[in-house]
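Structure first, then comments.
Just so it is clear, none of the values below were taken in a lab; they were calculated from the coordinates. Just so it is clear, the structure is predicted and the values come from calculations on it, not from any experiment. Virtual Cβ from ideal backbone geometry, glycine too; neighbours counted across all protein chains shown.
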Amino acid sequence: MWGGSMLRTKKLGFIIIIGFILGFIITISEPDLQVLAEQVSSVPNLVLILSVALGVGAFLVVALLRILFWNCAAAIVIQFLYFGIYISHVCSSRIFWQWHLIPVE
């Protein structure tokens, strides 16, 4: 109900700010993420929680904008976003490939 009325206002700045804040706060308060952060010892808890919350907030904004402005151009932009995520994953994975977590003998 509240989300539908937020999208009907068509105020772009309001939708972006509220969408990001909602995604960010809901993700930070998620207990499973806090448990995961405790189990991952190589990354500080706050860094892991904040990076996941920033990502969820950003993609909630993308999802809301997709609902508002759905057309072929929006689909192409979303495909480029997913492609960018894939490239960043590949690039960051190469950094981790340099570590020898399992000894090779």
Å³ per residue enclosed by the Cα convex hull of the stretch 10-85
94 Å³
Which order do peptides 23-34, 78-89 fall in by mean Cβ count within 10 Å, highest first?
23-34, 78-89
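Scan the stretch 10-70 for trypsin sites (Lys or Arg not before Pro) in coil per DSSP, keeping those whose Cβ has at most 12 other Cβ atoms within 10 Å, and list them by number. Walk me through the intermediate numbers first.
Details: sites: Lys10, Lys11, Arg66; in loops: Lys10, Lys11.
When the trypsin sites (Lys or Arg not before Pro) of the stretch 10-70 are filtered for loop state and at most 12 Cβ neighbours within 10 Å, Lys10, Lys11 remain.
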